[in-house]
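Okay, so here's the structure we're looking at.
The values are calculated or read from the model by the stated rules, or taken from the named source; none is laboratory data. Predicted model, so just to flag it, every value in this text is computed and none were measured. Every residue, glycine among them, receives a Cβ derived from its backbone with ideal geometry; neighbour counts consider all protein chains shown.
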Amino acid sequence: MLMGCQQLGRYFLRMFVWHDFLNWPFGYYLSQVGITLGIVFAGTLTASLLALPLSFLAARNVMHSRTAKPLAFLMRRLFDVLRGIDMAIWGLIFVRAVGMGPLAGVLAIILQDVGLLGKLYAEGHEAVERSPGRGLGAVGANSLQKHRFGIFTQSFPQFLALSLYQIESNTRSAAVLGFVGAGGVGLVYAENMRLWNWDVVMFLTLILVVVVMVMDVISSRLRKRYISGKPVPLWQPAARD
């Protein structure tokens, strides 16, 4: 165990010794980070748009009739299947089906996120107050209007928060997709790990950390703007003395 810890320490220190740093192909590295972000945004936004209507079919306070309850049960089981399969496994399946590249990564994110977000959105719909829906029904609103203004209006803050968080989470997870051939920065990770270029691995890791931190700041401002209703700018420049 002691020898293993010493070897781990040597690998860790090697990550911070950047040899010939100025001659690294920064354009290639940054382009792969951009591809990863494109995969994340395309996959997560598509999954959110698909999961939102499906989540109403899984919400018990929406599908409460005797004939609708079996459909809600089946929809929840579908969500369990989709989110129960790891994103990397979906990536392997789609690499085999559509070939290596970003499309396989986008499809992998879509399928897993539809299962995860669909379940979370449905639970958000079920947690809302029912009195607004009853009030809308009393004044003659139809079912679609009651779901739109009585349920979704209340669950929208949770919908937005979950969607933004999933974008951040997928930014970290999407790096793994490159290892299975689904494109993005994970491919650069795999190449440099095989060549024992641990300095490049650490450099890419730091870039991803910075990207996640920037996205966290932007998402927090979006939540304040669209949930609290305050006109919060997405970027606040530093005040001058």
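Scanning segment 22-76 for residues that are closer than 30 Å to residue 187 by Cα, exposed (fewer than 15 other Cβ atoms within 10 Å of the Cβ) and not hydrophobic (A, V, I, L, M, F, W, C) yields 23, 25, 27, 28, 31, 34.
Among the conditions (1) over 29 Å from residue 168 (Cα atoms); (2) exposed (fewer than 15 other Cβ atoms within 10 Å of the Cβ), residue 86 misses just one, which is (1). Of the residues making up segment 151-166, those that are at pLDDT 80 or above and surrounded by 22 or more Cβ atoms within 10 Å (Cβ to Cβ) are 163, 166. At least 1 residues being more than 15 Å from the chain's Cα centre (by Cα) and among the acidic types (Asp, Glu) is the threshold, and among the helices (runs of 4 or more DSSP H) wholly inside segment 1-115 those reaching it are 69-84.
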